[in-house]
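Colleague: A single structure is presented below for examination.
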Amino acid sequence: MGNQVEKLTHLNYKEVPTADPTGMDRDEGPRIGVSYIFSNDDDELEQQQDSVHDLGGENPALQPYDPQLHEVECSVYYRDECIYQKSGGHLSTYTPENLLNRCKPGDLVEFVCQAQYPHWVVYVGDFQVVHLHRLEVVNSFLTDASQGRRGRIANQLYRYKPLSPAVVVRNALEQVGCKDRDLSWRNSECFAAWCRYGKREFKIGGELRIGKQPYRLQIRLGDKRSHTLEFQSLEDLIMEKRRNDQIGRAAVIQELSRQFYPSPLSFPSSLPYLPIAFSSTICQ
């Protein structure tokens, strides 16, 4: 099976042990669910077709896109250290043509669109990018890789110390042509972040999923409230963070409200994968 991991199904969120939604946990901490090995999530043709169908047959890239409305503000912690943060100041987007005037070699670019996973690329100069797309690392023009989506320079989202621009570009170009079983990354974000920061945590199997969950994804819900999920690996956390961006802020809030206050209506029985543990907190 090599580096490829089979897609697994799982129980829905109603069957996952959770902490008290008021933030007053009666136990010593979040109860632990089941650890899962997750599948690829990135830019598959079937997912793009589903997105067009969901939006009434219109291309999602042509839909009005408001980052404040659609995107989920969140922070990622490794134990007590914040290693990623997306907030209002990081949500501005630009057209692909505008991005060409802003990008420098070694920059990371995140393309966003309603009802699609974010797509990350590494800008390597001369209007070109390297990115993981449909299970292959390819070299494309930035405007082609955007597929009409708006984007942003994403250098400031992760707080790791970056490698030099020359090393970032070299890391990306050396992987062009890598595909299928030879891939070490599950999605475009993990690949681009690995190129810039060189950390094995972004690779498939880069961390063992045993013991305590050291990673926390804090989702900001507004009104000084947040929801926290815990994971055994950064790779798993990124998968959940990307799923939240794909389904959108309103759907994430609705999902959490159903989890805490289930209604008589049936809950979706099939979701991409299962987070490791849950808790709910109040932002200070």
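Colleague: Under 13 Å from the Cβ of Pro165, count the other residues' Cβ atoms, weight Lys and Arg +1, Asp and Glu -1, and hand me the total.
Modeller: Summing Lys/Arg as +1 and Asp/Glu as -1 gives +2.
Colleague: How would you rank 190-196, 111-117, highest first, on the average number of other Cβ atoms within 10 Å across their residues?
Modeller: Highest mean packing first, the order is 190-196, 111-117.
Colleague: Hey, got the dipole for the stretch 72-203? About the Cα centre, +1 on K and R Cβ, -1 on D and E Cβ, debye to the nearest 20?
Modeller: The calculated dipole for the stretch 72-203 is roughly 220 debye.
Colleague: What is the percent carbon and sulfur in the accessible area of the stretch 94-158, measuring with a 1.4 Å probe over the protein chains and ignoring ligands?
Modeller: Roughly 45 percent of what the probe reaches on the stretch 94-158 is carbon or sulfur.
Colleague: I'd like to know which of Leu208, Tyr197, Leu256 lies farthest towards the positive end of the charge dipole of the stretch 184-261, counting +1 on Cβ of Lys and Arg and -1 on Cβ of Asp and Glu.
Modeller: Tyr197
Colleague: I've got another one for you. Work through the residues other than Ser233 whose Cβ is under 9 Å from its Cβ and net out their charges, Lys, Arg +1 and Asp, Glu -1.
Modeller: Once all neighbours under 9 Å are counted, the net charge is -3.
Colleague: Still on this structure, please answer the following. What size of dipole, in debye to the nearest 20, comes out for the stretch 115-165 about its Cα centre when the only charges are +1 on Lys and Arg C-beta atoms and -1 on Asp and Glu C-beta atoms?
Modeller: 320
Colleague: I would also like to ask the following. Among Tyr84, Trp120, Gln147, which residue has its Cα furthest toward the positive end of the charge dipole of the stretch 83-208, with +1 on Lys/Arg Cβ and -1 on Asp/Glu Cβ?
Modeller: Final value for the positive-end residue is Tyr84.
Colleague: Please arrange Lys199, Lys104 by accessible surface area, largest first, computed with a 1.4 Å probe and ligands excluded.
Modeller: Of Lys199, Lys104, the descending order of accessible area is Lys104, Lys199.
Colleague: Which part of the stretch 97-122 falls in the paramagnetic zone of Phe141, meaning amide N under 12 Å from the point 7 Å along Cα-to-beta-carbon?
Modeller: 97
Colleague: Hey, another quick one. How large is the accessible surface per residue of the stretch 107-220, computed with a 1.4 Å probe and reported in Å² as a whole number?
Modeller: In whole numbers, the stretch 107-220 has 41 Å² accessible per residue.
Colleague: Which length gain, in nm to one decimal place, applies between Ala166 and Gln254 when the Cα-Cα distance is subtracted from 0.36 nm times their residue separation?
Modeller: Here the segment from Ala166 to Gln254 would lengthen by 27.3 nm.
Colleague: Can you flag which of Lys104/Lys179; Lys179/Lys212; Lys179/Lys241; Lys212/Lys241; Lys203/Lys224 are past 30 Å Cα-Cα?
Modeller: Lys179/Lys212; Lys203/Lys224
Colleague: Keeping all protein chains in the complex and leaving out DNA, RNA and ligands, what accessible area do you get for Val168 with a 1.4 Å probe, in Å² to the nearest 10?
Modeller: Around 0 Å² of this residue is reachable by solvent.
Colleague: Under a crude label model (7 Å from the Cα following the beta-carbon direction), how far is Arg200 from Lys212 in nanometres?
Modeller: Placing both labels 7 Å beyond Cα along the Cβ direction yields 2.2 nm.
Colleague: Multiplying the sequence separation of Arg225 and Lys104 by 0.36 nm and subtracting their Cα-Cα distance, what value in nm do you get?
Modeller: 39.9 nm
The values are calculated or read from the model by the stated rules, or taken from the named source; none is laboratory data. Note that the structure is predicted; figures quoted are calculated from it, not measured. So basically every Cβ, Gly included, is an ideal-geometry build from the backbone, and we count neighbours across all protein chains shown. Heavy atoms of the whole protein, side chains included, go into the accessibility calculation; ligands, DNA and RNA do not. Shrake-Rupley method; radii C 1.70, N 1.55, O 1.52, S 1.80 Å.
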